[in-house]
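The values are calculated or read from the model by the stated rules, or taken from the named source; none is laboratory data. Worth saying up front: this structure is predicted, and the values here are computed from it rather than measured. Cβ sites come from the backbone with ideal geometry, for glycine too, and all protein chains shown count toward neighbours. Just the protein is used for accessible areas: all its heavy atoms, side chains included, with ligands, DNA and RNA removed. Shrake-Rupley method; radii C 1.70, N 1.55, O 1.52, S 1.80 Å.
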Amino acid sequence: MKPCKFPVLVLLFMLGSCGATELLPAQRPASQAGDNASKALIEQSIASMLNQNSVLLADDVFVGASEIVLERSSVTDSEGLRIQGRELQAPIHFRLWKQGDACFLEYVETEQMQEIPGLSCEVL
Amino acid sequence: MLRKSFSSGFLLLSSAILTACGGGGGNSSPPAVMQAVTNQDPTLNDVLPFMIFEAGVFEDAEIFANACENPRSGSQYDDFQANELAEKYWLRSWSNETYLWYDEITDLDPDSAYDKFAYFDLLKTPAVTPSGAPRDQFHGTMDTGEYQQFSQSGVTFGYGAELIYARNDPPRELYIAYVEPVSPAAGSGLQRGMRIMEIDGIDLVNTTSPAEIAMLNAALSPETNGETHTLGVLASGDPDTGTYPQHEVSAASITTSPVLSYDIKNTASGNVGYLVFNNHVATAEEELALVFEALLDGSVNDLVLDLRYNGGGLLAIASQLAYMIAGDANTNGRVFETLEFNDKHPTTNPVTMQAITPGPFYKQALGFSLAAGIALPSLELNRVFIISGSGTCSASESIINSLNGIGVEVILIGDTTCGKPFGFYPQDNCGTTYFTIQFKGVNDIGFGDYEDGFTPLNSGKTGITLPGCAVLDDLSKGLGDPAEARLAAALAYRDAPGTCPAPPPASSLSTITISPLDQLSLQPVTQDTFVRNNRILGLPQ
């Protein structure tokens, strides 16, 4: 997958300039709720935008919702107590968009956008 | 690769170089090494060989930051090649700058036989709390790549059952505390109170075989989606016949419910809200708001908040929850929690470099999972019953402390809380993330000294005593069952304030044993809910 990262506003401008179809909030079809392949595409995209090796998502990620919230995975000590019990870092959000036949992922806090080739999504 | 240059203010190293080269006095010309250093913008690697330790004299930690024995490659890192000594000097200076009890650290020469992890273990206070426990039980490290992983809020990997150990050496006692409603554990019929007797036919209770213990631990910490194991369990109250019903569970991504359940108890003296709140994650913002709307609609005049398994999380969620309990009249203009750093940083947060300002009771959504700015509901209560245990920790304790600080009565039912008024900003250096206590959270009246936790008045334990009753965790009943011992005690106390069931022996209260963590080596497997609030099985002593 070749990332094409640019701010949402720039993307919207480009789409408008080219007369492209509208960018609309999107979701995964309900039929994909248990589809590991499509989930993996989203995991890989988010991980790459976060400079991480992987992220953990629900099997039904983006099914029925165009936005999800992520936070640091909870880490506990050997006694089961949460290490970071006073978390001060705000969670982050990702949105799924559709434009034409393409699905895009937006990292809301940074406004970065990335197409997810091969992902099937539908307008919410 | 970045290489850091030194400013002229790097006096200690300059003088060390002079000393090492026999220079620094008289009118003789500087030695060759010094010439090289002064004329060619010395780097850390130029001067590291000449470092001379002087106790109590510290360089700026920034000088040593990202100077690594094994630098990572990649544009996202600022690492550059140095050695382990540089990493230890960074630990020493960073601890001196930000550790809450920096002045209680024995200043040890980084150029010692200790590796960086052993050296870091020593960079903490030796002080103990009034109960005799180590004051700092929260010092640790973790691989940065593992620590920095993100998850969808509330999503974990495992079976969806939360376990607690009553005993972690033979004969082991491992129980299910609760199961997530939508999970493989729930689907297979596992329930609260069941005792796990065997896994895949291995005797969990009695085995002393290292190989079997390794297999048990592997089963408790699945790593592969669909990984399947079979649990033999003994239901609460059933006789132990040696034969156990088998439950097959497969590991999967689990979407947990921060609010596990809630209910409104209709009593002769009014409606009482009850809710089990297990995790301060982002999705809790919306769930809690919805639950409090329902409690408002149910005209509750009291609340029992069950935090016995809540180890904390997002501090802002704790602030919102405290507001939803106490409301405007109690919280207007009051402080939820202020972060106090060491005395070098009385006004500025040394990590964010922002001014330290009191943390408010948040009355609106912050956009975590509910649109920012939406007004939160509140019950406007002047008292709250909180069910607690040794797993009630950090942000959960902030709820208790903040309400106490504004005069809302907290009646504690259960066991002593974990005692963690502290926090930190995890800090990466060279691929290791370090956890060192940097601040204490204090409430509206400036109180935050509950290192031994909050404890019910009759518990017989050391801690900050609050009205209420010491009551064992009743695994024989479901959470929310009015007959469950802790909830029953709360409801009875409400009808007859000050009355409690006979307290259990103090030694029998805790179901989660806290052991010293001074050699803490954190394990990534703990992201799994199946072991999350529990422990790995240990080899017999």
Candidate residues B:435, B:138: accessible-area rank, largest first, probe 1.4 Å:
B:138, B:435
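Which value at 222 nm does chain B reach when only helices count, each DSSP H run of 4 or more adding -39,500 (n - 2.57), with the total divided by all residues and rounded to the nearest 500 deg cm²/dmol? The partial results should precede the final answer.
On the way: 14 runs with 123 residues, N = 541.
Helix-only estimate at 222 nm: -6500 deg cm²/dmol.
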Under Karplus coefficients 6.51, -1.76 and 1.60, residue-wise ³J(HN,Hα) of the range A:50-65 in Hz, glycine/proline x:
9, 6, 10, 6, 7, 9, 9, 10, 6, 4, 9, 4, 6, 8, x, 8
Cα centroid of the range B:434-480 to Cα centroid of the range B:44-84, whole Å
41
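What net charge do the residues around residue B:404 carry, taking every other residue with its C-beta under 13 Å from that of residue B:404, with Lys and Arg at +1 and Asp and Glu at -1? Don't jump to the answer; show the numbers that get you there.
On the way: positive: B:334, B:383; negative: B:337, B:397, B:409, B:444, B:449.
Summing Lys/Arg as +1 and Asp/Glu as -1 gives -3.
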Proximal aspartates and glutamates relative to residue B:477, as straight alpha-carbon distance under 18 Å, when same-chain residues fewer than 8 apart are discounted:
B:162, B:173, B:180, B:238, B:263, B:306, B:415
Going by alpha carbons, how many degrees (0 to 90, nearest 10) lie between the helix axis of B:11-20 and the longest principal axis of chain B?
50
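Whenever you get a sec, compute what percent of the accessible area on the range B:185-306 sits on carbon and sulfur atoms (1.4 Å probe).
Details: 2360 of 4800 Å².
Result for the range B:185-306: 49 percent of the exposed heavy-atom area is carbon or sulfur.
When every alpha-carbon pair in the protein assembly as shown is counted, what percent end up more than 38 Å apart? Before the final figure, lay out the partial values.
On the way: 90080 of 220780 pairs.
In whole percent, the long-distance tail amounts to 41.
Working with all protein chains in place, sort B:335, B:128, B:384 by solvent-accessible area computed with a 1.4 Å probe, largest first. Write out the running numbers ahead of the final one.
Details: B:335 25, B:128 90, B:384 0 Å².
Accessible-area ranking of B:335, B:128, B:384, largest first: B:128, B:335, B:384.
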Signed unit charges on C-beta, dipole axis of chain B, positive-most listed residue B:379, B:341, B:215
B:379
Can you list the residues in the range B:306-353 whose accessible area drops by at least 20 Å² when all protein chains are present, compared with the chain alone? Use a 1.4 Å probe, heavy atoms only.
B:311, B:313, B:314, B:315
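Using a 10 Å cut-off around each Cβ of peptide B:140-151, what is the average number of partner chain Cβ atoms that fall inside?
Working: counts 4, 0, 3, 0, 0, 3, 3, 5, 6, 10, 15, 10.
Averaged over the peptide's residues, the number is 5.
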Let's see if you can work this out: charge +1 on each Lys and Arg Cβ, -1 on each Asp and Glu Cβ, no other charges. What is the dipole magnitude of the range B:328-427 about its Cα centre, in debye to the nearest 20?
140
In terms of modelled amide H atoms, which long-range or inter-chain residues lie less than 5 Å from the amide H of residue B:194?
B:176, B:236
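Once you average over the residues of A:50-63, how many Cβ atoms of partner chains fall within 10 Å of each Cβ? Intermediate results must be reported in sequence, preceding the final value.
On the way: counts 3, 5, 4, 4, 4, 5, 10, 6, 11, 6, 2, 4, 1, 0.
Counting other chains' Cβ atoms within 10 Å and averaging over A:50-63 gives 5.
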Here the range A:93-101 yields Karplus 3J(HN,Hα) values (6.51, -1.76, 1.60; θ = phi - 60°; whole Hz; Gly and Pro given as x) of 10, 10, 10, 9, 10, 10, 9, x, 9
Expressed in nanometres to one decimal, the distance between label points 7 Å along Cα→Cβ at residue A:65 and residue B:248 is 3.2
Along the charge dipole of the range B:259-505, which of B:438, B:304, B:479 sits closest to the positive end, that is, farthest toward it, with unit charges on the beta carbon of Lys, Arg, Asp and Glu (+1, +1, -1, -1)?
B:438
Take every DSSP beta bridge with both residues inside chain B and express the antiparallel ones as a percent of the total, to the nearest 5.
65
Positive end of the charge dipole of the protein assembly as shown (Lys, Arg +1 and Asp, Glu -1 on Cβ, about the Cα centre): tell me which of B:294, B:141, B:425 has its Cα farthest that way.
B:294
At 1.4 Å probe size, with no ligands or nucleic acids counted, give the accessible surface of residue B:317 in Å², nearest ten.
0
Under the Karplus relation with 6.51, -1.76 and 1.60 and θ = phi - 60°, whole-Hz ³J(HN,Hα) for the range B:62-70, x at Gly and Pro, equal 4, 4, 9, 4, 6, 8, 10, 5, 10
Result for the range B:259-505: accessible area per residue, probe 1.4 angstrom, in square angstrom, of 31
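Using unit Cβ charges (K, R positive; D, E negative) and no other charged atoms, how large, in debye to the nearest 20, is the dipole of the range B:259-505 about its Cα centre?
Numbers: 12 positive and 26 negative charges, 55 e Å.
So the dipole magnitude of the range B:259-505 works out to roughly 260 debye.
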Given a Förster distance of 22 Å, report the FRET efficiency between residue A:122 and residue A:48 from their Cβ-Cβ distance, rounded to the nearest 0.05.
0.40
Heads up, I need the accessible area for residue B:147: 1.4 angstrom probe, whole protein in place, Å², nearest 10.
20
Accessible area (Å², 1.4 Å probe, nearest 10) - residue B:433:
0
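Where the only charges are on Cβ atoms (+1 Lys, Arg; -1 Asp, Glu), what is the dipole of the range B:169-328 about its Cα centre, to the nearest 20 debye? The partial results should precede the final answer.
Values: 5 positive and 21 negative charges, 48 e Å.
With only Lys, Arg, Asp and Glu charged at Cβ, the dipole is about 240 debye.
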Helix axis angle, B:210-220 relative to chain B longest principal axis, alpha carbon, degrees:
70
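Would you work out the relative contact order for the range B:259-505, in percent, from Cα pairs under 8 angstrom that are 6 or more residues apart? Walk me through the numbers on the way to the answer.
On the way: 573 pairs, mean separation 43.8, N = 247.
18 percent.
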Using only Cα atoms, locate the centre of the range B:247-275 and the centre of the range B:88-165, then give the distance between them in Å, rounded to an integer.
34
Cα centroids of the range B:326-381 and the range B:212-230: how far apart, whole angstrom?
41
Cα-Cα over 30 Å, subset of A:39/B:363; B:116/B:440; B:116/B:344; B:265/B:440; A:39/B:116:
A:39/B:363; B:265/B:440; A:39/B:116
Which angle from 0 to 90°, rounded to the nearest 10, does the C-alpha axis of helix B:84-98 make with the longest principal axis of chain B?
60
Per-residue Cβ counts within 10 Å, from other chains only, averaged over B:418-425: what number is that?
3
